[in-house]
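Here, each number is a calculation from the coordinates, and none is a lab measurement. Source: prediction; values computed, not measured. Positions of Cβ are backbone-derived with ideal geometry, glycine not excepted, and every protein chain shown enters the neighbour counts.
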């Protein structure tokens, strides 16, 4: 496994130079592996053009190095993060999102959970549209045959409260915030609702509650040198300014991506010092593993959790 090189860049505003960023990405952005080291392989790769096509009206970043999950959780124990607010003050930032728990298809539950396998086919980009819907939820698009989602009606249930179909559970991500403001979360055994929601366990494994989605919303003030690092399984979609920037859809092994916002700021219509929304959507759809990892230097501005009605 090889280590990809990171472009040298100047990072103003005391946010750490190129070496500081590289050290962070190497040490904190990927899931640990036994016997080797893996970095995410894509730095701000864009898969869009300027031809006016609806699909290209955004950023779609996908792929990256696969990462193997291991035993034990390495998430930090901090439940909130003190970050700068847009007005220059300070607030206790809680990374509070919403988990929705589903019964598996084999137990008469949702047909998208514990129903698909993707051996050797981890790249399922294009399952959602490049822009968020008017209710700030991802919109089903599909990606030919075979899809890894039953259809638009059942997909709409993933990130909406549907009595009898899912059970919503608030969840605060236990992030770590470094002295330089890096926000880091890593969990190789990401089972945040064990003992909650529907019956714990799926298939022949009763140790954990599999089959759930995770939704997180925030706002941030854009600065030069901003970046995002995400890794996990299964589906993972991240939107900035309502546009898809990380597309790791489908049922797949842990995979990761790094996005340098300087490289896509023009396409996203980002301006230094302005505030923009960040929307994260994740799904754990297939046992026996569940992993999630992210790190960033974004200057978050929302002091209170943002909960989009289900």
**Request:** Quick one: order 93, 100, 136 by neighbouring beta-carbon count within 10 Å, fewest to most.
**Result:** 136, 93, 100
**Prompt:** How large are Rg and Dmax for segment 173-310 when only the alpha carbon atoms are used, in Å?
**Reply:** 15.9, 51
**Message:** Quick check on the exposure proxy: order 177, 139 from fewest to most C-beta atoms within 10 angstrom.
**Reply:** 139, 177
**Prompt:** Which ordering of 103, 131, 207 is given by a fewest-first count of other beta-carbon atoms within 10 Å?
**Reply:** 207, 131, 103
